[in-house]
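A.B. asks: Let me give you the structure first, and then I'll get to my questions.
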Amino acid sequence: MKFPSIGFEPFFSWVNRTRILYAPSVRKELAFELSQLGGSNVVLFTDKGVSKAGISQKIVEQISNSELKLAGIFDNIQQDARMTNINDGAEYYRSCGADCMVVVGGGSVMDTAKAVNILIGTGLDDFKPLAEQAGLWEDAKPLPPHIAFPTTAGTGCEVTNAMVVLDVESKSKLSVTHPYCNSDIAMLDPELTLSLPPKITAFTGMDALTHAIEGVSSVGAEPIADALGLHAIRLISKYLPIAVNEPENIEARGNMLIASTMAAMCFCNTMTGATHATAHALGALHGIPHGMANAIMLPLVMEFNIEECPERYAVIADALGLQVHEDEISTAASKSVQAIRELKELIGLTETLRDYGVKNDPEHFGPLVELAASDGQISYNPRYVEENDLLRLFNQAI
Amino acid sequence: MEYWKDQHEPITAFLKLFEKAKEDPELSEGLKKVNQLIWFDYTEDGSDCSFHVDCRNGQVVAKQGKPSEEPDLIMSLSADDAHRSWSNKLNPVMAITRKKIRVKGSATGLLKLAPKLKKVALIYEQALNELNFLDKILK
Ligand SMILES: [Fe+2]
């Protein structure tokens, strides 16, 4: 197989606002960088799990040993960014007189903090009407200083200019975009991810891999995002099994953090596809962690999509490290699906929807199909997905 | 305007589209679930260039012009971009990020129908055909 011709839409745009600093212990640069951004009175956003693992303490130490002042710590963030958490977070930010935020956590923490910063920047106190507007680009202005430390190599929320907010009332996930909501600086410090348990390492890593694979195969795919997504796939397929099996391996942890950021710089420009659409529905209705839901759905959706753009799955197979140079495009493409199944096996992700109590009956499948069919991400899937297709995909995932 | 001779042509086309979309059970059910008074505002292309859809209370009624009541949602764009959007050549979410579509009010309901734009585009093509607007069909 020679590198195939890969088409893309004649018009595309690509952006990444966030500056990225990488090094083991890069947190030592926090005080300098934050003061460069004009921040001095810091509110730290994190969650109880990250605090309990002693990770946010490592950042608190950096603040305490510097000119910066720690105005307060907000650690009340639950799984998935939630409207009430966001509004409480903004109230806390104001009450402690902070002028900048440092965010330490995974996707839920980072997305909550992004929404808080929008409230702070706009002087508003309720995020719900903003979330319902979906796109906050009209008159958008830069927000107060914001530095993020991702503690999972997964969501890439430190660089994406969108946040996914769970509306508990309507049991749905709303995607909201704002041009300045991502962090000004993402500090990738792999030492902060060393204590992440193997299971969480595995499924958050699969979220990153899904971003890269769906980003490269989406209808919005384009060459700049391809470069980022394909290299992320190379790094994840090499380093995810190592990070799962040797949690303290700093090289593997570092490469996974870099890869998850690169995958996010890919997909936030190209969007994703049916894996994310179905995963959002599974998360909203059955509380399945986002990465786990992606891991369950990814090979099934790839299989469904392959006929639509085999050349894209062939380069994905190549990036997965498979020997495809002698193969026809279609053969190479189908090998990519098998490789994902083998990778899941290798990192111990054998769960199906059944393990999360999802049953093969209309009561469960009806709402799942309805929610996935109306998820914004499904529009970017390379193959048009009918409701019947969704039903079949959920069925296969039981 | 690239596609329209005057400000009335696009409204004629879009009202025809809604008339036909109402006959499709899936789209009509989807619109009823949105349950809003929506104003599609193209007045940047002429003061009469707009229409509204009232899909509250289990009905779908599309009429020319600005609604007399306060709309729940206003989508402001150019008549050309609206044409691209109904033809499924302009992704609404991407268009929002490039300020080609300006949103006021809750858009979550209407955006849930965005994945159906492929179907809408087929109906729009039929509408343009019926109106003899053949030169406007985007391939
Ligand atoms: Fe994701």
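A.B. asks: Counting only helical runs of four or more DSSP H residues, what would the 222 nm mean residue ellipticity of the protein assembly as shown come to if each run contributes -39,500 (n - 2.57) and the total is spread over all its residues? All intermediate terms of the calculation are to be shown ahead of the outcome.
C.D. replies: Values: 21 runs with 256 residues, N = 537.
Mean residue ellipticity, 222 nm, calculated: -15000 deg cm²/dmol.
A.B. asks: Can you give me the angle between helix A:387-396 and the longest principal axis of chain A, using Cα atoms only, in degrees from 0 to 90, rounded to the nearest 10?
C.D. replies: Computed tilt is about 90 degrees.
A.B. asks: Tell me, what HN-Hα J-couplings in whole Hz come from the Karplus equation 6.51 cos²θ - 1.76 cosθ + 1.60 at θ = phi - 60° for each residue of the range A:257-269, using x for Gly and Pro?
C.D. replies: 3J(HN,Hα) across the range A:257-269, in whole Hz: 5, 4, 5, 5, 5, 5, 4, 6, 5, 6, 6, 6, 9.
A.B. asks: In the range A:301-389, which GluC sites (Glu not before Pro) are in a loop and have at most 13 other Cβ atoms within 10 Å, using DSSP for the loop call?
C.D. replies: Working: sites: A:Glu303, A:Glu307, A:Glu308, A:Glu311, A:Glu326, A:Glu328, A:Glu342, A:Glu345, A:Glu351, A:Glu363, A:Glu370, A:Glu386, A:Glu387; in loops: A:Glu326, A:Glu328, A:Glu351, A:Glu386.
Listed in order of number, the matching sites are A:Glu326, A:Glu328, A:Glu386.
A.B. asks: With everything on Cα atoms, drop me the angle between helix A:362-373 and the longest principal axis of chain A, reported from 0 to 90° to the nearest 10.
C.D. replies: Computed tilt is about 70 degrees.
A.B. asks: Go ahead and run the numbers for FRET between A:Glu67 and B:Leu122, Cβ-Cβ distance against an R0 of 51 Å, rounding to 0.05. Let's see the in-between values first.
C.D. replies: Details: r = 62 Å, r/R0 = 1.23.
Result of the calculation: an efficiency of 0.25.
A.B. asks: Also: Checking an interface number: how much accessible area is buried between B and A, summed over both chains, with a 1.4 Å probe, in Å² rounded to 100?
C.D. replies: Working: alone 7490 and 16000 Å², together 21660 Å².
The contact between A and B buries close to 1800 Å².
A.B. asks: Taking the Cβ of A:Arg392 as the centre, find all other residues whose Cβ is under 14 Å away and add up their charges (Lys, Arg: +1; Asp, Glu: -1). Show your work: numbers first, answer last.
C.D. replies: On the way: positive: A:Arg383; negative: A:Glu303, A:Glu386, A:Glu387, A:Asp389.
Result for the neighbourhood of A:Arg392: -3.
A.B. asks: If the only charges are +1 at each Lys and Arg Cβ and -1 at each Asp and Glu Cβ, what is the size of the charge dipole of the protein assembly as shown around the Cα centre, to the nearest 20 debye?
C.D. replies: Dipole size: approximately 340 debye.
A.B. asks: At what distance in nm do the modelled label points of A:Tyr384 and A:Asp125 sit from each other, each positioned 7 Å from its Cα along Cα→Cβ?
C.D. replies: Distance between label points: 4.9 nm.
A.B. asks: So, R0 is 45 Å and r is the distance between the beta-carbons of A:Gln36 and B:Lys32; what FRET efficiency does that work out to, to 0.05?
C.D. replies: Working: r = 53 Å, r/R0 = 1.18.
So the FRET efficiency works out to roughly 0.25.
A.B. asks: Whose amide H sits under 5 Å from the amide H of B:Phe51, counting only residues 5 or more places off or on another chain, with H placed in the peptide plane?
C.D. replies: The list, which skips near neighbours in sequence, is B:Phe40, B:Tyr42, B:Gly65.
A.B. asks: For Cα pairs less than 8 Å apart in space and 6+ apart in sequence, what is the mean separation divided by the residue count of chain B, i.e. the relative contact order in percent?
C.D. replies: Values: 210 pairs, mean separation 33.7, N = 139.
About 24 percent, as a whole number.
A.B. asks: If you don't mind, another one. Taking a probe of 1.4 angstrom, what is the accessible area of A:Phe3 in Å², to the nearest 10?
C.D. replies: Using a 1.4 Å probe on the heavy atoms, I get roughly 150 Å².
A.B. asks: Please sort by residue number the trypsin sites (Lys or Arg not before Pro) in the range A:123-216 whose DSSP state is loop and whose Cβ has at most 13 other Cβ atoms within 10 Å. Working shown, then result.
C.D. replies: Working: sites: A:Lys171, A:Lys173, A:Lys199; in loops: A:Lys171.
Hits after loop and neighbour filter: A:Lys171.
A.B. asks: Testing the spin-label approximation: label points 7 Å from Cα along Cα→Cβ at A:Glu307 and A:Asp355. State their distance in nm.
C.D. replies: 3.1 nm
A.B. asks: Label-point separation (nm) for A:His325 and B:Gln64, each offset 7 Å from Cα along Cα-to-Cβ?
C.D. replies: With each label placed 7 Å out from Cα toward Cβ, I get 6.7 nm.
A.B. asks: Let me ask something additional. Anyone know which of B:Ile74, B:Ile96, B:Ile38 comes out most mobile in the 10 Å Cα GNM of chain B?
C.D. replies: B:Ile96
A.B. asks: May I ask for the distance between the Cα centers of the range A:334-377 and the range A:219-288, given as a whole number of Å?
C.D. replies: Using only Cα atoms to place each centre, the spacing works out to 17 Å.
A.B. asks: Please report the spacing between the Cα centers of the range A:139-192 and the range B:1-39 in Å, no decimals.
C.D. replies: Centre-to-centre (Cα) distance: 35 Å.
A.B. asks: Can you give the local net charge around A:Asp226? Use residues other than it whose beta-carbon is closer than 14 angstrom to its beta-carbon, Lys and Arg +1, Asp and Glu -1. Walk me through the numbers before you get to the answer.
C.D. replies: Values: positive: A:Arg234, A:Arg312; negative: A:Glu9, A:Glu214, A:Glu222, A:Glu311, A:Asp318.
Net of charged neighbours comes to -3.
A.B. asks: Normalised by the number of residues in chain A, what is the relative contact order in percent for Cα pairs under 8 Å and 6+ residues apart?
C.D. replies: On the way: 821 pairs, mean separation 65.2, N = 398.
Computed value for chain A: 16 percent relative contact order.
A.B. asks: Enter the mean number of other protein chain beta carbons within 10 Å of the beta carbon of each residue in B:97-110, as an integer.
C.D. replies: On the way: counts 10, 3, 6, 1, 3, 4, 7, 2, 3, 6, 5, 12, 2, 1.
Mean number of neighbouring Cβ atoms from other chains: 5.
A.B. asks: Right, another one. Determine how large the accessible area of A:Ser64 is when every protein chain is in place; take a 1.4 Å probe and give Å² rounded to the nearest 10.
C.D. replies: 80 Å²
A.B. asks: By how many nm would the segment from A:Ile242 to A:Lys28 grow when fully extended, if each residue of separation counts as 0.36 nm and the alpha-carbon distance is taken off? Walk me through the numbers on the way to the answer.
C.D. replies: Details: separation 214, 0.36 × 214 = 77.04 nm, distance 2.64 nm.
Here the segment from A:Ile242 to A:Lys28 would lengthen by 74.4 nm.
A.B. asks: Carbon and sulfur: what percent of chain A's accessible surface (1.4 Å probe)?
C.D. replies: 51 percent
A.B. asks: Cut-off 10 angstrom, C-alpha nodes, Gaussian network model of chain A. Which of A:Val301, A:Val385, A:Val42 fluctuates the most?
C.D. replies: Among A:Val301, A:Val385, A:Val42, the largest mean-square fluctuation in the Gaussian network model of chain A belongs to A:Val385.
A.B. asks: Under a GNM of chain A (C-alpha, springs under 10 Å), which listed residue has the highest mean-square fluctuation: A:Gly135, A:Gly39, A:Gly105?
C.D. replies: The residue with the greatest mean-square fluctuation here is A:Gly135.
The values are calculated or read from the model by the stated rules, or taken from the named source; none is laboratory data. Just so you know, these numbers come straight off a predicted model, no measurement behind them. With ideal geometry, Cβ positions are generated from the backbone for all residues, glycine too; neighbour counts draw on all protein chains shown. Protein only, heavy atoms only, side chains kept; ligands, DNA and RNA dropped before computing areas. Shrake-Rupley method; radii C 1.70, N 1.55, O 1.52, S 1.80 Å.
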